[in-house]
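This report concerns only the one structure given below.
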Amino acid sequence: QVQLVESGGGLVQAGGSLRLSCAASGSTFSINAMGWYRQSPGKQRELVAIIDSGGHTNYADSVKGRFTISRGNAKKTVYLQMNSLKPEDTAVYYCTIVGGPAFGTWGKGTQVTVSS
């Protein structure tokens, strides 16, 4: 089993930056691709960014050019660097595993609030 713990959320003004981290523990050898999703009140959870074991990335159109997903050297940690934040980026951000045996594992989320 794999456990995911997110950190780095908080309150920031529009135009500011935050860096989210997600640390994986447990059977991390089974981890393949990882990603970040977000969910705002009254909305469905949506994809933000994905990175696979080869470092290939994919982003939602709404965050392209502003957010960057990356992984640590041991591939047990995934980061989301968020720049030029907008109020519409306000959401709970979740880390998840999107490939391999641990597919569908989710963290508990971290709140990001962007004030205008």
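Taken as a whole, the condition of being of a type in the set (V, I, T), surrounded by 16 or more Cβ atoms within 10 Å (Cβ to Cβ) and in a loop (DSSP other than H, G, I, E, B) does not apply to V12.
Taking every residue in region 62-82 that is on the phi > 0 side of the Ramachandran plot and pairing it with any residue that is buried (at least 16 other Cβ atoms within 10 Å of the Cβ), at least 6 positions away or on another chain, the pairs with Cβ-Cβ distances below 7 Å are K75/I31. Residue check: M82 meets all listed conditions (1) under 12 Å from the mean Cα position of the chain (by Cα); (2) at pLDDT below 95; (3) of a type outside the set (K, R) but one, namely (2).
Go through S70, S53 for me and flag whichever is hydroxyl-bearing (S, T, Y) and either within 16 Å of E6 (Cα to Cα) or modelled with pLDDT of 95 or more (or both). Checking each option against the conditions leaves just S70.
The values are calculated or read from the model by the stated rules, or taken from the named source; none is laboratory data. Remember, predicted model here, so these are calculated numbers, not experimental data. Using ideal geometry, Cβ is built from the backbone for each residue, glycine included, and neighbour counts are taken over all protein chains shown.
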